[in-house]
1. Residue pairs, Cβ under 6 Å, 6 or more apart or interchain, first in the range 234-255 and over 11 Å from LEU223 (Cβ atoms), second buried (at least 18 other Cβ atoms within 10 Å of the Cβ) and not small (Gly, Ala, Ser). List them.
2. Within the range 15-46, take every residue that is free of Cβ contacts under 8 Å to residues at least 24 places away in the same chain and outside any loop (DSSP other than H, G, I, E, B) and give me the one that is surrounded by the fewest Cβ atoms within 10 Å (Cβ to Cβ).
3. Can you report the number of residues in the range 47-71 which are assigned to a strand (DSSP E or B) and either out of contact with any strand residue (DSSP E or B) (no Cβ under 7 Å at 6 or more places or on another chain) or surrounded by 15 or more Cβ atoms within 10 Å (Cβ to Cβ) (or both)?
4. Restricting attention to the range 183-204, does a residue exist that is of a type in the set (Phe, Trp, Tyr) and modelled with pLDDT under 90?
5. If you check THR209 against the conditions, is it in contact with a Phe, Trp or Tyr (Cβ under 9 Å, 6 or more places away or on another chain), part of a loop (DSSP other than H, G, I, E, B), touching a residue at least 24 places away in the same chain (Cβ under 8 Å) and not assigned by TED's automatic domain parsing to the domain that holds ILE153?
6. Can you list residue pairs whose Cβ atoms sit under 6 Å apart, with the first residue in the range 118-129 being surrounded by 15 or more Cβ atoms within 10 Å (Cβ to Cβ) and the second being aliphatic (A, V, I, L, M) and assigned to a strand (DSSP E or B)? Count only pairs 6 or more apart in sequence or on different chains.
7. Any idea which residue in the range 52-86 is farthest from GLU127 (Cα to Cα), counting only those that are among the hydroxyl-bearing types (Ser, Thr, Tyr) and at pLDDT 85 or above?
Amino acid sequence: MIFLRSEKKIACFKSISLSSFTFDSSVFEIVDGQWKIEDAVIANYNTANKTAVATVAEDTDINGIIFELTLKIKDDAPAGDYDISCTIAAKKKSPAGGEENVKIALTNFTYDTSVFELVGGEWRVDESIIADWDDNNDIAAVAFGDNQNVNGIIFELTFKVIDPAKEGDYYVGCDIIARSKTPYGAEDQVPVKVTNGKITVSPVIKGDTDGNGVINSDDAIYLLYHTFLPDMFPANQDCDFDGNGYINSDDAIYLLYYTFLPDLFPLK
């Protein structure tokens, strides 16, 4: 384990980030990372990108070991001394006008529970400090810097239609709470206009991925595009046609076979 230690007290930092860990990758493999700061507002280690961020109150003093990095030694590693380093960035709040953060929470989702089941939610805000979806309580929260431009689609909900659902238009709403942190640590309420979303339930033919009412090779091509560009080519059904639990190019090939030999390649 590697410990990052602060040699002196660090006061009034609002946030600290660790990134660009450099070490001999032929000898070591990063297993995990953990902040050792008590009373942190946010303390997170992103295993995918191997970056860490922590946010502390303005008057928090940081001293001693602040982060623990766990490394695994690879087999047949030669004995010797090895160095490890990382990039540390810290943002300090200034009473004269420092960084402001904006945070948004989505709660109280309203929809027809006899027709839909809420499966999941995902933030679509780039470069957010934190973005979380609590699937137990159906609450979403995000925080980002004051210079972040938030416009367009910011959150995506996934619903499952409950059989047998009636055809028609249904509406989805929620409560939005937005607050902006001032340079002095206070929070101001940000006015937000809420517009309900609409979901149209209509019959879907299994295998008709492009929704034109006919199943042919065009649907296989559409599904192949979907596996690469899902936002541009959204799926109108569960496209795991080969039934292996994954949606990928194999399903597009399987669907193409189905258009020629439906008895040999039934859609799962």
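The values are calculated or read from the model by the stated rules, or taken from the named source; none is laboratory data. Note that the structure is a prediction, hence the values are computed from the model and not measured. Cβ coordinates were reconstructed from backbone atoms using ideal geometry, including for glycine residues, and neighbour counts include every protein chain displayed.
1. Listed pairs, sorted by first residue: ASP242/ASP251; ASP242/TYR254.
2. Applying the first criterion (free of Cβ contacts under 8 Å to residues at least 24 places away in the same chain) to the range 15-46 yields 25, 38-41, 43, 45-46.
Next, only the ones that are outside any loop (DSSP other than H, G, I, E, B) stay: 43, 45-46.
Working: ALA43: 18, TYR45: 19, ASN46: 11.
Here the answer is ASN46.
3. Restricting attention to the range 47-71, the residues satisfying the condition of being assigned to a strand (DSSP E or B) are 51-55, 61-71.
Cutting the leftovers down to either out of contact with any strand residue (DSSP E or B) (no Cβ under 7 Å at 6 or more places or on another chain) or surrounded by 15 or more Cβ atoms within 10 Å (Cβ to Cβ) (or both) gives us 51-55, 62, 66-69, 71.
The number of residues fulfilling the criteria is 11.
4. Of the residues in the range 183-204, the ones of a type in the set (Phe, Trp, Tyr) are 184.
Those still in the list that are modelled with pLDDT under 90 too: 184.
Within the range 183-204, one or more residues are of a type in the set (Phe, Trp, Tyr) and modelled with pLDDT under 90.
5. Values: in contact with a Phe, Trp or Tyr (Cβ under 9 Å, 6 or more places away or on another chain): yes; part of a loop (DSSP other than H, G, I, E, B): yes; touching a residue at least 24 places away in the same chain (Cβ under 8 Å): yes; not assigned by TED's automatic domain parsing to the domain that holds ILE153: yes.
In short, yes.
6. Once the first residue is surrounded by 15 or more Cβ atoms within 10 Å (Cβ to Cβ) and sits in the range 118-129, its partners that are aliphatic (A, V, I, L, M) and assigned to a strand (DSSP E or B) give GLY121/ALA140; GLY121/LEU157; TRP123/ALA131; TRP123/VAL142; VAL125/VAL142; SER128/VAL142; ILE129/ALA143.
7. Start the filter on the range 52-86 by keeping residues that are among the hydroxyl-bearing types (Ser, Thr, Tyr), which leaves 55, 60, 70, 82, 85.
Next, only the ones that are at pLDDT 85 or above stay: 70, 82, 85.
On the way: THR70: 26, TYR82: 33, SER85: 24 Å.
Looking at residues that are among the hydroxyl-bearing types (Ser, Thr, Tyr) and at pLDDT 85 or above, I get TYR82.
To keep it simple, each residue is scored yes or no on (1) closer than 25 Å to VAL115 by Cα; (2) loosely packed, with under 11 Cβ neighbours inside 10 Å.
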position	(1), (2)
VAL192	no, yes
ILE199	yes, no
VAL204	yes, no
VAL214	no, no
ILE221	no, no
TYR225	no, no
PHE228	no, yes
PHE233	yes, no
ASP250	no, no
